[in-house]
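J.: Quick one: the structure is below, questions incoming.
The values are calculated or read from the model by the stated rules, or taken from the named source; none is laboratory data. Quick caveat: nothing in here was measured; it's all calculated off a predicted structure. Neighbour counts run over all protein chains shown; Cβ positions are idealised from the backbone, glycine included.
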Protein chains: 2
Amino acid sequence: MSEIIVQKFGGTSVGSVERIGIVANIVAEASKSKKIIVVVSAMGGETNKLVKLANHFGENPDKREFDALVSTGETVSSALLAMALHSKGIKAKSYSASQISMRTTDSFSKAKILDVDADKILKVVDDNTIPIITGFQGITEGGDITTLGRGGSDTTAVAIAAQVGAKRCDIYTDVDGIFTTDPKVVSNAKKLDSITMEEMLELAGQGAKVVQTRAVEFANKFDVPVRVLSSFNDGSGTLISLGEENMENALVSGIAFQKDQVKFTLHGVGDIPGTAFKILGPISEADIEVDVIVQNVSVDGKTDFTFTVSSDEQATVQNIIESIKKDVNFRELIIDSSIAKVSIVGAGMRSQAGVASAAFRALSENDVNIQIICTSEIKITMVIDESLVEKAVQVLHDEFNLDE
Amino acid sequence: MSEIIVQKFGGTSVGSVERIGIVANIVAEASKSKKIIVVVSAMGGETNKLVKLANHFGENPDKREFDALVSTGETVSSALLAMALHSKGIKAKSYSASQISMRTTDSFSKAKILDVDADKILKVVDDNTIPIITGFQGITEGGDITTLGRGGSDTTAVAIAAQVGAKRCDIYTDVDGIFTTDPKVVSNAKKLDSITMEEMLELAGQGAKVVQTRAVEFANKFDVPVRVLSSFNDGSGTLISLGEENMENALVSGIAFQKDQVKFTLHGVGDIPGTAFKILGPISEADIEVDVIVQNVSVDGKTDFTFTVSSDEQATVQNIIESIKKDVNFRELIIDSSIAKVSIVGAGMRSQAGVASAAFRALSENDVNIQIICTSEIKITMVIDESLVEKAVQVLHDEFNLDE
């Protein structure tokens, strides 16, 4: 049997019946030389429409019902893509999560995949039929419908690729691949032919969300090579390769950035064990993703504790901090919503020095003040004023010659 | 345990989030004194939207995919109604066909119900939770999604009522009940408080399609009383009772009519055994419903064979007749598309004489020419010129004093 490729098409790729027709062409072409399994998202905008209907009955609809509701979008697009393939004379069958036993945990709206009936999928493939599987959906042991959270279709695709032993998972989207930075900001941004999983993880976490972070983690864990490419333009996309395949890492592979961030600083907090947990515990319990966390050395037993969250969460986080004020002693809460994050990402950084200092010099020469610095093995994140983001990204892109 | 009522809400009843809120009120009110099981259709117009999407990929999409696609409408409305009930503090859970094992035959798009997991539904009811079940949907032995055909939700509701031993099945719709004839045509048409199953079957078959014919047949077979009432106005609706309960049948209970009909006459056909089958066999194989079928006594071994079908089917039937022309000898095919059917329905007719003659007299006095007459035990159907329908219905309604 020839090798299996899992192709995943996102919401914009299947955003209309015309687009679904184009996707059918892509699948048809690929199926000439390979065994294909397809995973689809809902048609672009459909999930939002369903969410709006639900919100008519309150801000927090029952999660079991919410998942049953929003999962219908994927059922629609999978059936339509099967029909589109039939109209080209190609055998295809749609499958819902329930029909391929895509078992998940019962955490509605953010369920985790446990298992999938790979044999059933492979039986369809062996019958020379292309299975068109609904992304995003799952099913609990008890038969309730779950969803994997926004963007979960990528994870569905990678999980299926892992379970059926696919050679690769191709994630089709509306961009040509992963770029050194956002081409809308830096006109000479360059598409990367390949990137390591780790670099991708760092980039994804920083807002370059071409592929869901969880999907990349999954791919990493199960050694599934993932390729990101466009369903709108021809091209080979960007291969997210396993670290071992890519010994010669670029020093810096890309510049990520993220606006709409809020910085919370608890000024004059006691530098005693457990403080960080007291602050971040209730925030993470509320399912809020905290990103940059910085605590400086203390002076006179007092320190400043700073972290950033997405702007959407500002009110919630503010309430949480107020509620723990008695428990966590601090002098003042400072909130700054005019900030942004810029990150330099590169798997080569860990074995090379000088990237950080070059970055800091380039930014200071261009009057970009760095408020916070936070580094990991393959990433340097800086918090700067939001108005300076475009300038900073361009400066760093030039500094590391990413257009070459 | 108090008695169980199955409530079914059609597409117009759940046509918007506002309407779903009103339906939630109706369910909530009823649940104060009874155990309620709800069956819902898709939001009005949704199924047509899905059909339109499918038709983009050809006139005859694969039926398995078509059913998977159009069944999503009911999943949406069931989840939304559950949310609406939650917002009123009432426990409710949506269930798809797959989740309650609504097993059907595998005739996609016109599947027949085989069985349903009544225990699972009753367990939910026992837990003081209202099950909101998707109408229209089914599932095959092999796990494929099926649909019961247009209006199939009524059948779902009656089937569930039968299986759980419900006291009654209340079918909520956008009319106040069954009328003696269409109130839009005859202003003094009267709502019937009750009607027999047989009368309802005859009326339904004649286009007074408030309840699906199949659902009424099902109710008849399993002795489930059905009530038809409005989700828009208060009122007790019309009870479709079992024949035995209604000994004193009205002579005539209603006047049904149906436009958009085509009359096919095979003129000069040989009066030999097997002719009727040769003509109607291929038509019924093409799943076309033939209604009035008349064949007169033959003269010189030749006769005229006439039948009516819905206007939608004119082209198809014409092609079929052309294709069997060699096999079935006839002189001429006459097609008349400016006809309509008018029927007098009444369970009392079978034991009383004179209804037919009174009808024929009244129509002739009002210059309505009757082209074809066809009678059954409780129905007299007449084919007349389409332009005379409103007049004929009014004349007959007056003749039998149906406004009293």
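Table: residues versus (1) within 21 Å of A:G10 (Cβ to Cβ); (2) part of a loop (DSSP other than H, G, I, E, B); (3) not aliphatic (A, V, I, L, M).
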{"site": "A:L114", "(1), (2), (3)": "no, no, no"}
{"site": "A:I121", "(1), (2), (3)": "yes, no, no"}
{"site": "A:I132", "(1), (2), (3)": "yes, no, no"}
{"site": "A:T146", "(1), (2), (3)": "yes, no, yes"}
{"site": "A:T155", "(1), (2), (3)": "yes, no, yes"}
{"site": "A:C169", "(1), (2), (3)": "yes, no, yes"}
{"site": "A:V175", "(1), (2), (3)": "yes, yes, no"}
{"site": "A:P183", "(1), (2), (3)": "yes, yes, yes"}
{"site": "A:L203", "(1), (2), (3)": "yes, no, no"}
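J.: Another one. Just for region B:367-401: of the residues that are among the charged types (D, E, K, R) and either crowded, with 21+ Cβ neighbours inside 10 Å or at positive phi (or both), which one is modelled with the lowest pLDDT? Working first, answer last.
T.: Keep residues of region B:367-401 that are among the charged types (D, E, K, R), which gives B:367, B:377, B:379, B:385-386, B:390-391, B:398-399.
Next, only the ones that are either crowded, with 21+ Cβ neighbours inside 10 Å or at positive phi (or both) stay: B:367, B:379.
Values: B:D367: 90, B:K379: 82.
Among residues in region B:367-401 that are among the charged types (D, E, K, R) and either crowded, with 21+ Cβ neighbours inside 10 Å or at positive phi (or both), the one modelled with the lowest pLDDT is B:K379.
J.: Kindly establish whether A:V6 is out of contact with any His (no Cβ under 7 Å at 6 or more places or on another chain), farther than 14 Å from A:K167 by Cβ and buried (at least 24 other Cβ atoms within 10 Å of the Cβ).
T.: Spelling it out, it is not the case that A:V6 is out of contact with any His (no Cβ under 7 Å at 6 or more places or on another chain), farther than 14 Å from A:K167 by Cβ and buried (at least 24 other Cβ atoms within 10 Å of the Cβ).
J.: Considering only region B:21-48, state which residues are surrounded by 23 or more Cβ atoms within 10 Å (Cβ to Cβ), within 14 Å of another protein chain (Cβ to nearest Cβ) and small (G, A, S).
T.: Correct list: B:A24, B:A42.
J.: On the given criteria, is B:E59 within 11 Å of another protein chain (Cβ to nearest Cβ) and surrounded by fewer than 24 Cβ atoms within 10 Å (Cβ to Cβ)? Break it down into steps so the answer makes sense when it comes.
T.: On the way: within 11 Å of another protein chain (Cβ to nearest Cβ): yes; surrounded by fewer than 24 Cβ atoms within 10 Å (Cβ to Cβ): yes.
Considered against the rule, which asks whether it is within 11 Å of another protein chain (Cβ to nearest Cβ) and surrounded by fewer than 24 Cβ atoms within 10 Å (Cβ to Cβ), B:E59 comes out as yes.
J.: When the residues of region A:77-93 are narrowed to those that are more than 7 Å from every other protein chain (Cβ to nearest Cβ) and of a type in the set (A, V, I, L, M), which ends up nearest to the chain's Cα centre (by Cα)?
T.: A:L81
J.: In region B:77-106, which residues are part of a strand (DSSP E or B) and of a type outside the set (F, W, Y)?
T.: B:A92, B:K93, B:S94, B:R103, B:T104
J.: Scan region B:186-198 and tell me whether some residue there is assigned by TED's automatic domain parsing to the domain that holds B:D117, under 13 Å from the mean Cα position of the chain (by Cα) and of a type in the set (A, V, I, L, M, F, W, C).
T.: no
J.: Which is of a type outside the set (F, W, Y), in contact (Cβ under 8 Å) with a residue 40 or more places away in the chain and in the same structural domain as A:K91 (by TED's automatic domain parsing), of A:S109, A:S101?
T.: Result: A:S109 is the single residue among A:S109, A:S101 that is of a type outside the set (F, W, Y), in contact (Cβ under 8 Å) with a residue 40 or more places away in the chain and in the same structural domain as A:K91 (by TED's automatic domain parsing).
J.: Scan B:S96, B:S101, B:S109 and give me the residue that is at the interface with chain A (Cβ under 9 Å from one of its Cβ atoms) and under 26 Å from B:T146 (Cα atoms).
T.: Exactly one residue qualifies, and that residue is B:S96.
J.: Considering each of B:V158, B:V116, B:V51 in turn, give the residue that is β-branched (V, I, T), under 22 Å from A:L50 (Cα atoms) and either away from chain A (no Cβ under 13 Å) or without any contact (Cβ under 8 Å) to a residue 60 or more places away in the chain (or both).
T.: B:V51
J.: Okay, next question. Given the conditions (1) under 24 Å from the mean Cα position of the chain (by Cα); (2) within 11 Å of chain B (Cβ to nearest Cβ); (3) of a type outside the set (A, V, I, L, M, F, W, C), which single one is not true for A:E18?
T.: All conditions pass for A:E18, except number (1).
J.: Return yes or no: is B:L148 within 14 Å of chain A (Cβ to nearest Cβ) and either crowded, with 18+ Cβ neighbours inside 10 Å or more than 21 Å from the chain's Cα centre (by Cα) (or both)?
T.: So B:L148 fails the test.
J.: Grab the strands (runs of 3 or more DSSP E) fully contained in region A:261-366, keeping just those with 2 or more residues being buried (at least 19 other Cβ atoms within 10 Å of the Cβ). Walk me through it before giving the result.
T.: Details: elements: A:293-295, A:302-310, A:332-345.
Correct list: A:302-310, A:332-345.
J.: Return the pairs, sorted by first residue and then second, in which the second residue is of a type in the set (G, A, S), the first residue lies in region A:126-143 and is more than 24 Å from A:F108 (Cβ to Cβ), the beta carbons are less than 6 Å apart, and the residues are 6+ apart or on different chains.
T.: Taking only residues 6 or more apart or on different chains, the pairs are A:I130/A:A92; A:I132/A:S78; A:I132/A:A82; A:I132/A:A92; A:I132/A:S94.
J.: State yes or no: is B:S71 facing chain A (nearest Cβ under 7 Å) and under 15 Å from B:S153 (Cβ atoms)?
T.: no
J.: Moving on to the next point. Please name all residue pairs, on different chains or six or more residues apart, with Cβ atoms under 7 Å, provided the first residue is in region A:314-333 and is closer than 14 Å to A:D304 by Cβ and the second residue is part of a loop (DSSP other than H, G, I, E, B).
T.: As it stands, the answer is none, since no pair meets every condition given.
J.: Test B:A219 against the stated conditions and say whether it is in a helix (DSSP H, G or I), modelled with pLDDT under 95 and closer than 21 Å to B:T105 by Cα.
T.: Against the criterion (in a helix (DSSP H, G or I), modelled with pLDDT under 95 and closer than 21 Å to B:T105 by Cα), B:A219 qualifies.
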